[in-house]
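Novice: The structure's right below; bear with me while I get my questions together.
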Amino acid sequence: MIPIGLVLEPPALDVPNAVDDLVARARWAAGTGLASLWLGQGYGLDALTALALLGREIPAITLGTAVTIIPGRHPIAMSSQAQTTQAATGGRLRLGLGVGHRASVEQRFGLPFDRPALRMREYLAALLPLLRDGAADVRGETATAVIGGVGARVAGAVPPPPVLVAALGPAMLRVAGEVADGTVTWLAGVRTIGEHIVPAIIDAAAGRAAPEVAVGLPVCVTDQPDEVRERAAGSLALFESIPSYRAMLDREGVASAAEVAIIGDERQVERELGRLAAAGATHVLANLQIAGVAERARTVELLGALSPSAG
């Protein structure tokens, strides 16, 4: 079985301390044998800062962002934060980056969303040399990062963290394969992974190291699959109106995002995870947003048992 990680949900608003809550949940999840823990960047808790703290509290396990979006974070600032987190975690960071979505970028940040693949390519042209050498001299159409003789390296941030790009369409998959270390997906089903994502990124990465394909999907171990599927249909419906996800679901041949969720008893879930591995996924990122309280514990325990050990 390929490594299996867990996407940690952000702390609830009513907990006494968000960081204490996250650490407690992460420590329990890591104890089940999972290979990795991941955080998405929302509008509250900062993912990279939180991962730096988790890295000091929890040994061995890989820690990643899935994902931090690049609008609003200059490559120099991203490099500083990612290097600091890499040093704090002893080299265990996987830096997942995305361009976001038009509505959130334009409405919440007031920033343009045109030419997203070019924006990511130029962003990485600045970020990757910063992570590797502490240097950058980029003057592009959408990104400028000029370090000159100023020091931009963080001692202990070695090796540089692998950078995974959230990519669904052909243009972004080319960026992920040609420039980055791989991709991290969300709601891409097994057919899309095997027939679209994996062939496209491998072709783009020709002559480079084999790219990582980290596949994020909702997962729930349950004896009431119909009930959970109905719950998933409601909680995942918003993605169906986002053009990039809608195109991917159409490619998968499904009407609802709930249809790509992995739902069933232990044998069914294990079988679906095996199908993802056979399709070319190199890492699974399980999201438990569709699971109830008892189902979450049962799901994490199975995933930990199935995953190769952390480290």
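The values are calculated or read from the model by the stated rules, or taken from the named source; none is laboratory data. These figures come from a predicted structure and were not determined experimentally. Glycine gets a Cβ as well: all are built from the backbone with ideal geometry, and neighbour counts include every protein chain shown.
Novice: Could you list, ordered by first residue, the pairs with Cβ atoms under 8 Å in which the first is in segment 29-58 and free of Cβ contacts under 8 Å to residues at least 60 places away in the same chain and more than 16 Å from residue 18 (Cα to Cα) and the second is polar (S, T, N, Q) and surrounded by fewer than 18 Cβ atoms within 10 Å (Cβ to Cβ), at least 6 apart or interchain?
Specialist: Close Cβ pairs satisfying both conditions: none exist.
Novice: Starting from segment 181-193, take each residue that is in contact (Cβ under 8 Å) with a residue 40 or more places away in the chain and list its partners that are among the charged types (D, E, K, R) and not in a helix (DSSP H, G or I), counting only C-beta distances under 6 angstrom and pairs at least six apart or across chains.
Specialist: 182/212
Novice: Here is a list of conditions, (1) under 30 Å from residue 110 (Cβ atoms); (2) touching a Leu at 6+ places or on another chain (Cβ under 9 Å); (3) at pLDDT below 95, and residue 1 meets all of them except one; can you say which number that is?
Specialist: The single condition residue 1 does not satisfy is (1).
Residues are listed down the side, and each one gets a yes or a no for (1) of a type in the set (Asp, Glu); (2) in contact with a strand residue (DSSP E or B) (Cβ under 6 Å, 6 or more places away or on another chain); (3) in a strand (DSSP E or B); (4) closer than 14 Å to residue 2 by Cβ:
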position: 223; (1), (2), (3), (4): yes, no, no, no
position: 238; (1), (2), (3), (4): no, no, no, no
position: 247; (1), (2), (3), (4): no, no, no, no
position: 250; (1), (2), (3), (4): yes, no, no, no
position: 258; (1), (2), (3), (4): no, no, no, no
position: 268; (1), (2), (3), (4): no, no, no, no
position: 277; (1), (2), (3), (4): no, no, no, yes
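Novice: I would also like to ask the following. Take the residues in segment 252-275 that are among the hydrophobic types (A, V, I, L, M, F, W, C) and free of Cβ contacts under 8 Å to residues at least 60 places away in the same chain, then tell me which one is surrounded by the fewest Cβ atoms within 10 Å (Cβ to Cβ).
Specialist: Among residues in segment 252-275 that are among the hydrophobic types (A, V, I, L, M, F, W, C) and free of Cβ contacts under 8 Å to residues at least 60 places away in the same chain, the one surrounded by the fewest Cβ atoms within 10 Å (Cβ to Cβ) is 255.
Novice: List pairs: first in segment 132-156 and part of a loop (DSSP other than H, G, I, E, B), second of a type in the set (D, E, K, R), Cβ under 6 Å, 6+ apart or cross-chain?
Specialist: 134/153; 140/122; 142/119; 142/122; 143/122
Novice: Among the candidates 215, 184, 198, single out the residue that is modelled with pLDDT of 95 or more, of a type outside the set (Gly, Ala, Ser) and part of a helix (DSSP H, G or I).
Specialist: 198
Novice: Let me ask another. Please work out which residue is nearest to residue 92 (Cα to Cα), limiting yourself to segment 136-156 and to residues that are touching a Gly at 6+ places or on another chain (Cβ under 9 Å) and either at pLDDT 95 or above or surrounded by 17 or more Cβ atoms within 10 Å (Cβ to Cβ) (or both).
Specialist: So, considering only residues that are touching a Gly at 6+ places or on another chain (Cβ under 9 Å) and either at pLDDT 95 or above or surrounded by 17 or more Cβ atoms within 10 Å (Cβ to Cβ) (or both), the one nearest to residue 92 (Cα to Cα) is 156.
Novice: The conditions are (1) modelled with pLDDT under 95; (2) touching a Gly at 6+ places or on another chain (Cβ under 8 Å); (3) not acidic (Asp, Glu), and residue 241 fails exactly one of them. Which is it?
Specialist: (2)
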